[in-house]
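The values are calculated or read from the model by the stated rules, or taken from the named source; none is laboratory data. Owing to the predicted nature of the structure, the values given are computational and were not obtained by experimental measurement. Using ideal geometry, Cβ is built from the backbone for each residue, glycine included, and neighbour counts are taken over all protein chains shown. Remember, those area values only see protein heavy atoms, side chains included, never the ligands or the DNA or RNA. Shrake-Rupley method; radii C 1.70, N 1.55, O 1.52, S 1.80 Å.
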Amino acid sequence: MESEKLKIYQNRLLVSDLIIKVLSGKINVSQALSAFPKEKNDINVKCAFDALMHREADEDLRAKVSGYSEIQDEFLFDLAKILKENEKLPQNIIEQYQKYHNENLMGEWDKPLKSILKNFKRMINF
């Protein structure tokens, strides 16, 4: 049980670090997503994965809508901060992601990442 909690904490730290690296321009979204932990049992990590996917998929909105990229990046920064503190994401965030992201894209690394991003973009633009 203790090792399970430690693994969850380590995964959250990793995800927090990946998000911060994307926001600071050290790595791109694709690199971050491919480095995400493959474990699927922490809904907080899954939500962070989906939020980061949105950053990539929303490139048109980020370019066209004034303030969109700042708000999205602030949201991602807040997610990173919560995960770094080993806290759970607020329930309303989890519920929104579960509502729109029933399919779990994490762990489907047998497909190329570009294919996953393409499917994700299609899913949110239906």
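Kindly indicate which of 26, 81 is over 12 Å from the mean Cα position of the chain (by Cα) and either surrounded by 15 or more Cβ atoms within 10 Å (Cβ to Cβ) or assigned to a helix (DSSP H, G or I) (or both).
From the options 26, 81, the qualifying one is 81.
Within segment 3-15, can one find any residue that is of a type in the set (Gly, Ala, Ser) and open to solvent by less than 80 Å² (accessible area, probe 1.4 Å)?
Checking segment 3-15: not a single residue is of a type in the set (Gly, Ala, Ser) and open to solvent by less than 80 Å² (accessible area, probe 1.4 Å).
Taking only segment 84-126 into account, find how many residues are open to solvent by 40 Å² or more (accessible area, probe 1.4 Å) and modelled with pLDDT of 90 or more.
Number of matching residues: 8.
Under 8 Å between Cβ atoms, at least 6 apart or on separate chains: pull out the pairs that start in segment 1-30 with a residue that is of a type in the set (Lys, Arg) and end on any residue that is in a loop (DSSP other than H, G, I, E, B).
7/39; 12/42; 12/86; 21/27
Taking only pairs six or more apart or across chains, which ones have beta-carbon atoms under 7 Å, a first residue in segment 48-59 that is touching a residue at least 24 places away in the same chain (Cβ under 8 Å) and over 21 Å from residue 92 (Cα atoms), and a second residue that is open to solvent by 40 Å² or more (accessible area, probe 1.4 Å) and charged (D, E, K, R)?
That search, which allows pairs on different chains as well, returns 57/121.
Sort out which residues of segment 29-46 are open to solvent by 40 Å² or more (accessible area, probe 1.4 Å) and in a loop (DSSP other than H, G, I, E, B), and write them in order of number.
Result: 35, 38, 39, 40, 41.
Scanning segment 57-74 for residues that are assigned to a helix (DSSP H, G or I) and open to solvent by 70 Å² or more (accessible area, probe 1.4 Å), which turns out nearest to residue 45 (Cα to Cα)?
74
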